[in-house]
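Every read-out reported here was derived from the displayed coordinates using simple, explicitly stated rules and does not represent laboratory data. The structure presented is a predicted model; accordingly, all values stated were derived computationally and were not measured. A quick note on method: Cβ atoms are made from the backbone with ideal geometry, for glycine too, and the neighbour counts reach across all protein chains shown.
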Amino acid sequence: MRSTAVAIAAVLMLGAGVPAQLAGAAGVLTTGEAAPSLESSRSGGPAPGTAPSGVEDSLSGGPPVKPDERPGFGLGMGVAIKDDPYVDIDTEIQPFPIFRYVGRRFSALGPNLRYRLLGERPLSVSALMGPTFDGYDPDDSDFLEGMDKRKLTIEGGLQLDYRSRPLSVSVGARHDLLSRHEGYQLEAEVSTFRRFGSVAVIPSLAYTYWDENRSDYYFGVRAAEARPDRPEYELNGTSNWSAGLFASADVTRSIFLLLGAKYFIYDDDITDSPIVDDDSTWRIFAGAGYQFGQKKAKREARSEAAAAALADRLGDPETAAAP
């Protein structure tokens with residue numbers, strides 16, 4: 001099940017096109033929309049901050065585009081190498097599928113769904129829903145024997161995005177929809193965008209607050225689960241930080257490559273838990289895919305959206321451990 005969960009999680013990392021400036025990159029990152037490419041500006045096209053014709057218009061909420069200019073969808077495969085914070089759970093290497101669809105308002109990145117409710121550029125509000133992947137199966141570690149399984153859940157909420165240069169900012173709130181941990185999380189992320197030749201790169205820094213219900217469910221020890229080397233442990237709300245670096249490049253008009261890395265630093269209340277033996281974790285993802293139905297999509301926009309979509313998945317600290 002751990003393999004399946006991680007596969008689904010990474011599914012979200014896809015790529016089609018993206019913004020040439022971070023403002024746009026964060027748009028795909030947070031709303032599934034692409035922004036104009038730097039190349040279009042350099043070649044005499046629309047200036048930065050305005051949507052060029054074609055796919056970029058469609059993804060950024062601009063004028064409707066012709067059917068043969070729409071971004072279509074992407075499919076691919078990748079591999080994930082991830083670390084776990086829990087005692088005696090080793091690093092894992094697992095394959096995962098990649099797919100993505102981005103429309104004018106609605107986007108589906110793997111199991112994550114997003115719908116832009118208000119605004120376009122630079123300020124917008126979106127509703128989002130998707131699974132989280134924190135948790136563990138006690139069968140994966142001798143030390144966790146006797147613990148109840150901590151399951152993944154579906155969380156939904158709202159996100160506010162401000163896309164500007166050189167930095168873009170997003171803030172959001174999500175709540176447990178399946179009553180697993182019955183808690184919520186608050187998120188704030190700052191990101192930027194850079195291009196090096198045909199490679200699109202998105203660095204990011206994020207802060208995530210997990211309330212006491214969520215923190216305690218995934219990292220606490222209940223009275224019935226306690227034993228001499230694993231005492232009862234209860235958590236309050238926790239503050240967690242993460243830094244990421246994501247990249248994407250188009251090999252051809254249809255074939256794209258993705259690469260991402262994320263480093264997490266946990267709150268002291270989490271690292272003090274008797275079932276946690278690391279104060280930080282990391283993840284690396286790499287993959288390749290094929291983008292269908294992009295007859296006229298800009299190459300730069302596709303690679304940028306790929307990187308932003310990858311960053312969108314990896315931007316969730318809770319994916320550090322799958323059940």
Worksheet item: Going 7 Å from the Cα of L117 in the Cα-to-Cβ direction, what parts of segment 174-206 have a backbone nitrogen less than 17 Å from that spot?
Response: 174-177, 185-187
Discussion item. How much length would be gained if the chain were fully extended between D272 and E232, taking 0.36 nm per residue of separation minus their Cα-Cα distance, in nm to one decimal?
Written reply: 13.2 nm
Practice prompt. With a/c under 1.5 counting as rounded, go ahead and sort segment 191-274 into rounded, prolate or oblate using the C-alpha gyration tensor (a ≥ b ≥ c being the square roots of the eigenvalues; past the cut-off, prolate if a/b is larger than b/c, else oblate).
Written response: prolate
Discussion item. Report the gain in length on full extension from S179 to D279: 0.36 nm times residue separation, minus Cα-Cα distance, nm rounded to one decimal.
Written reply: 33.3 nm
